[in-house]
Amino acid sequence: MNLGLKYLSVGVMIFSLISCNKKTAESKPIEKQETIKQKSIEMLVGTYTDGTSKGIYRFNFNPNDGMIENKGLVAEAMSPSFIDISKDKQFVYAVNERDPGKVSSYQWNESRTELNLISKVSSEGVGPCFSEINNSGTLLAVANYSSGNLAVYKVTNGKIDENPETRQHVGSSIVKPNQNAPHAHCSKFGTNGKFIYVADLGIDEVVSYSVSQEGILGEKQIALAMDKGDGPRHLAFHPFKDLVFIINELSSTVTSAKVDKSTGLFEKIDKQSTLPKDYTEKSYCADIHISSDGKFLYASNRGHNSIAVFSVSDEGRIKLLSTSSVEGDWPRNFTLTPDENYLLVANQKSNNITVFQRNRETGFLTFTGNEVNISKPVCLKF
């Protein structure tokens, strides 16, 4: 073969291979994009109804671009400020934060366009502000803030029994008038379901009660005595370690502790501020959540109007990494999306829900520019 023709043939082969590989490389992102594209996710929002909101609203969230859309009212109710959803997504439970307090349960209609009321019972107190259904969907725990007591109900196919077990707290602490009396602010089942924990802001205690499968409560234990003036509000359990994180409304701090699953007691590990060191104005913590990998903890500051981002060590020690503006006023509740790529914030006083992209490697948050208006949003649940 002529030497010139030989080199020409080799060149044509190389060019063909490069062109083929280039086409393959160009087609991969399209295939990948089609694979990872997700459907919109349903989110429910509980509100205060002393503005223009009328109850519980359904939103669609797009996990591909972080866009959020209000799909309208699905249940008209009086100040359903805190809601919880059954594991199978069929039933919704809501407190009616009034005097006297009520607790309601709903079931979706066939077209999933409306929540139908199943039951509505007394909360056995004033100002119910938190509810949680257990994993089996058979028990509902409710914290009454103003009256400072706990109610635990049996639940059958979404219907709430009218005769709950109740426990009344007593006492006070040093911050006046916030701690003139007990204020049960959170009622959560422990990870093994054998204990119910109540964060009581008014008496600076996290209280635990043993609970049977039938909803019978044991006697009160002080799971952890907080520092005076802390005002414990909410708590979050580590996804796979025996650790718990408590957000303190009045001292703007987070306390971490070990959990003894056999006794229901906590042992303090660490305590850190949720605010920058140079911030001196008033601020009050609200909500707390931890990522499913257990590496990052998030806490909301009302006043500073930010989300504090913490790293979490294997031993349960925490370190403040950053604070991100919530792009609104008074961040009451917030939530991570199911894939944890985004974090959404309910800003009660500015009447908006804002969307942040979450870096899974660093934990940091970046405002997407996406937001939606709604009167006095309080609770977000996917």
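A few points about this structure:
- The chain: most fluctuating residue of P331, P80, P100 per GNM, C-alpha cutoff 10 Å: P100
- Spatial offset of the stretch 104-147 relative to the stretch 76-98 amounts to 5 Å, using the alpha carbon center of each.
- Amide H to amide H, with H built 1.01 Å from N, R98 comes under 5 Å of G127, counting only residues 5 or more places away or on other chains.
- Rg over Rh [alpha-carbon atoms, Kirkwood Rh] for the chain: 1.11
- Gaussian network model of the chain, springs between alpha carbon atoms under 10 Å - residue of T191, T337, T156 with greatest fluctuation: T156
- If the convex hull is drawn through the Cα atoms of the stretch 68-145, its volume per residue in Å³: 101 Å³
- Anisotropy class of the stretch 184-242 from Cα gyration tensor, a/c 1.5 cut: oblate
- Each stretch of four or more DSSP H residues adds -39500 (n - 2.57); spread over every residue of the chain, this sum gives -3000 deg cm²/dmol at 222 nm.
- Total formal charge among the other residues, if their Cβ is under 13 angstrom from that of D287, Lys/Arg +1 and Asp/Glu -1: +4
- Under 5 Å between amide hydrogens, built in the peptide plane, is the criterion, and for S147 it picks out V126 among residues at least 5 positions away or on other chains.
- Rounded if a/c under 1.5, otherwise prolate or oblate - the stretch 218-274, Cα gyration tensor axes: oblate
- Using the Karplus relation 6.51 cos²θ - 1.76 cosθ + 1.60 with θ = phi - 60°, the per-residue 3J(HN,Hα) values for the stretch 242-248 come to 7, 9, 9, 10, 10, 9, 10 Hz, with x marking Gly and Pro.
- Measuring spread by the Cα atoms of the stretch 283-366 yields a radius of gyration and Dmax of 12.0, 39 Å.
- Protection-proxy order for peptides 254-265, 141-152, 60-71, each taking the mean of Cβ atoms within 10 Å per residue, highest first: 141-152, 254-265, 60-71
- Binning the C-alpha pair distances of the stretch 261-320 at 5 Å intervals from 0 yields a P(r) profile of 4, 16, 24, 21, 18, 10, 4, 2, 0 %, listed from the shortest bin outward.
- The stretch 218-322 shape via C-alpha gyration tensor axes, a/c threshold 1.5: oblate
- Radius 14 Å from Cβ of T113, net charge of other residues (Lys, Arg +1; Asp, Glu -1): -1
- Calculated FRET value between D227 and M78, using beta carbons and R₀ = 41 Å, to 0.05: 0.70
- Seen from all directions on average, the stretch 120-217 presents a Cα convex hull projection of 5.7 nm².
- Long-range amide H partners of G303 with built H, under 5 Å: Y284, W330
- Between N135 and K176, the FRET efficiency from the beta-carbon distance, with R0 = 25 Å, is close to 0.05.
- Spatial offset of the stretch 149-163 relative to the stretch 254-293 amounts to 30 Å, using the alpha carbon center of each.
None of the figures in this text is laboratory data; all of them are computed from the coordinates on show. Values in this document were obtained by computation on a predicted structure and should not be read as measured data. Methodologically, a virtual Cβ is constructed for each residue, glycine included, from the backbone with ideal geometry; neighbour enumeration extends over all protein chains shown.
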